[in-house]
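J.: Next up is a structure, given as structure tokens.
The values are calculated or read from the model by the stated rules, or taken from the named source; none is laboratory data. This one's a predicted model, so the numbers in the text were calculated from it and none came from an experiment. When we count neighbours, we look across all protein chains shown, and the Cβ atoms used for this are built from the backbone with ideal geometry, even at glycine.
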Amino acid sequence: MTLALHGGTPVRATPWPSWPPPLDPAQRELVTGVLESGLWGATQGGSLVTDLTAAFARASGVPYGVAVGNATLGLFAALKGLGVGRGEEVIVPAYTFVASATAVLLAGAVPVIVDVDPEHLHLCPDAVAEAVTPRTAAVMPVHLAGSPADMDALAAVAARHGLAVVEDAAQAHGATYRDRPVGGLGDAGVYSFQASKAMTAGEGGLIVCREEKTYEAVWSVCNVGRRLGGQWYGHPSVGWNLRLTEIQAALLLPWLDRLDDEIARREAFCAALGAELAHLPVTAVPAPPGTTRDSRHLLMLRVEAPVDREFLLAAMAAEGVPLDSGYPPLGGMDALAAEGARAEPCPATEEAARGVVWVRQSMLMDDPARAADVAEALAKVLSA
Ligand SMILES: Cc1ncc(COP(=O)(O)O)c(C=O)c1O
């Protein structure tokens with residue numbers, strides 16, 4: 001069979017579902033209402049940011065939340081609110097989006113980049129333990145691709161060394177670990193509503209936390225250093241305006257009601273694809289132990305056949321099944337090193353950067369019967 005890359009017929013000619021999905025009636029009504037009210041900002045008396053924050057905190061199993069402009073700022077604010085600062089170290093995984101590390105830099109701290117577990121590609125608890133120094137103040141587990149990090153093991157290391165735990169839940173809306181929602185497992189958890197995420201308002205983020213003291217500190221960081229309930233021009237600490245708008249909250253609030261259905265849809269696609277892959281040298285990267293719900297933001301696939309990576313990605317795209325190349329190792333980024341980030345050896349991350357590709361969320365939203373397209377294109381390309 002001639003590859004589409006070489007002029008053959010592509011496996012898939014129809015487009016994949018678009019992301020975000022079309023506005024639903026509840027979103028349309030809320031957004032229109034906000035636009036017409038003129039109460040667009042979060043401090044003008046509208047209630048949607050407050051409602052979203054409360055609903056999201058509840059869904060995360062914790063009492064408090066603070067909505068922010070994006071998750072990068074959310075991670076920064078969580079670290080600041082927890083007192084992590086200049087010269088202190090924060091341990092982050094090497095296989096994550098660059099923002100996990102740049103948020104640490106924004107807080108004036110040093111990202112210490114350590115390896116992931118070779119099997120599930122989430123932050124490796126042993127690597128964290130080895131990287132701890134007297135300056136380590138926090139660890140940042142990332143709930144990668146929608147599945148929870150190995151939280152019990154990471155929490156044990158953190159407790160042993162007195163470290164704060166800031167969960168990067170940017171990709172994991174609705175995921176649970178031992179039946180508890182991610183985001184509410186550590187000292188603070190941060191979600192993203194950026195355009196590619198499972199719930200999106202184009203941009204946005206939300207911090208959740210359990211302790212009132214943390215909430216007050218994080219709220220102040222995000223509200224120009226004001227004290228909760230304090231004066232408008234009272235700024236007892238230094239903070240910034242990091243707030244979400246009411247318009248964004250209007251897009252997000254109704255999404256909470258359909259998140260479960262969307263996760264179930266992606267789960268069905270992943271299950272169908274798993275069955276289709278049985279006869280191919282391609283396996284789905286498993287979720288870490290303790291995962292009770294993988295929210296399936298992305299499906300990470302490990303390609304076990306010797307194939308040129310650029311060819312694989314180009315040939316799959318030509319077949320109408322575009323895959324994502326995934327993250328380059330953070331430890332190899334000169335810009336982070338130039339700002340003082342320190343990287344430990346990360347062989348598992350380097351292997352993942354060479355051998356793992358991702359199926360995007362929008363593709364996972366398709367009819368599970370269409371999982372066969374992914375498998376057929378992989379079979380075609382890997383046998384070329
Ligand atoms: C793992 C991870 N952390 C942090 C971020 C940063 O989120 P945002 O774009 O909302 O700042 C993202 C995504 O963009 C992400 O995937």
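J.: Being in a helix (DSSP H, G or I) and either in contact (Cβ under 8 Å) with a residue 24 or more places away in the chain or of a type outside the set (Lys, Arg) (or both): is that true of Gln27 here?
T.: yes
J.: Can Ser100 be described as in contact with a Lys or Arg (Cβ under 9 Å, 6 or more places away or on another chain), at negative phi and assigned by TED's automatic domain parsing to the domain that holds Thr214?
T.: No; evaluated as a whole, the condition is false for this residue.
J.: Say whether the condition of being more than 13 Å from the ligand (Cβ to nearest atom), assigned to a helix (DSSP H, G or I) and surrounded by 24 or more Cβ atoms within 10 Å (Cβ to Cβ) is met by at least one residue in region 85-95.
T.: Checking region 85-95: not a single residue is more than 13 Å from the ligand (Cβ to nearest atom), assigned to a helix (DSSP H, G or I) and surrounded by 24 or more Cβ atoms within 10 Å (Cβ to Cβ).
J.: Follow-up. Residues in region 125-140 that are more than 16 Å from the ligand (Cβ to nearest atom), under 15 Å from Gly186 (Cα atoms) and within 21 Å of the chain's Cα centre (by Cα): how many?
T.: Within region 125-140, the subset more than 16 Å from the ligand (Cβ to nearest atom) is 125-137.
Within this subset, residues satisfying the condition of being under 15 Å from Gly186 (Cα atoms) are 125, 137.
Within this subset, residues satisfying the condition of being within 21 Å of the chain's Cα centre (by Cα) are 125.
Count: 1.
J.: Here's another thing I want to ask about it. Taking region 110-140, which residues are more than 17 Å from Tyr95 (Cα to Cα), part of a loop (DSSP other than H, G, I, E, B) and touching a helix residue (DSSP H, G or I) at 6+ places or on another chain (Cβ under 6 Å)?
T.: Val132
J.: Across region 167-196, what is the total count of residues that are surrounded by 24 or more Cβ atoms within 10 Å (Cβ to Cβ) and within 11 Å of the ligand (Cβ to nearest atom)?
T.: The qualifying residues number 10.
J.: Quick check: is even one residue across region 344-366 more than 17 Å from the chain's Cα centre (by Cα) and part of a strand (DSSP E or B)?
T.: yes
J.: If you don't mind, there's one more thing I want to ask. Would region 141-163 turn up any residue that is in a helix (DSSP H, G or I), more than 16 Å from the ligand (Cβ to nearest atom) and free of Cβ contacts under 8 Å to residues at least 12 places away in the same chain?
T.: Here is the first cut: in region 141-163, the ones in a helix (DSSP H, G or I) are 144-146, 151-161.
Narrowing the set further to residues that are more than 16 Å from the ligand (Cβ to nearest atom) leaves 152-153, 155-161.
If we keep only those that are free of Cβ contacts under 8 Å to residues at least 12 places away in the same chain as well, we get 159.
Yes, that holds for at least one residue.
J.: When you scan region 367-384, how many residues do you find that are among the aliphatic types (A, V, I, L, M) and not in a helix (DSSP H, G or I)?
T.: 1
J.: Something else now. What single numbered condition from (1) within 16 Å of the ligand (Cβ to nearest atom); (2) in a loop (DSSP other than H, G, I, E, B) fails to hold for Val62?
T.: The number of the failed condition is (1).
J.: It is to be established whether one or more residues within region 226-235 are over 30 Å from His120 (Cα atoms), free of Cβ contacts under 8 Å to residues at least 24 places away in the same chain, assigned to a loop (DSSP other than H, G, I, E, B) and of a type in the set (A, V, I, L, M, F, W, C).
T.: Applying the first criterion (over 30 Å from His120 (Cα atoms)) to region 226-235 yields 226-235.
Checking which are free of Cβ contacts under 8 Å to residues at least 24 places away in the same chain leaves us with 226-235.
Filter again for assigned to a loop (DSSP other than H, G, I, E, B), leaving 226-235.
Imposing the further condition that a residue be of a type in the set (A, V, I, L, M, F, W, C) reduces the set to 228, 232.
Within region 226-235 (the criterion being over 30 Å from His120 (Cα atoms), free of Cβ contacts under 8 Å to residues at least 24 places away in the same chain, assigned to a loop (DSSP other than H, G, I, E, B) and of a type in the set (A, V, I, L, M, F, W, C)), the answer is yes, since at least one residue qualifies.
J.: For region 194-224, which residues satisfy the criterion of being closer than 16 Å to Ala78 by Cβ and either in contact with a Cys (Cβ under 6 Å, 6 or more places away or on another chain) or part of a loop (DSSP other than H, G, I, E, B) (or both)?
T.: Within region 194-224, Gly204, Arg210, Glu211, Tyr215 qualify.
J.: Being free of Cβ contacts under 8 Å to residues at least 24 places away in the same chain and over 17 Å from Asp366 (Cα atoms) is the filter here; which residues of region 256-278 pass it?
T.: Ala278
J.: For the subset of region 66-83 comprising residues that are more than 16 Å from the ligand (Cβ to nearest atom) and buried (at least 22 other Cβ atoms within 10 Å of the Cβ), which member is nearest to Pro236 (Cα to Cα)?
T.: Gly81
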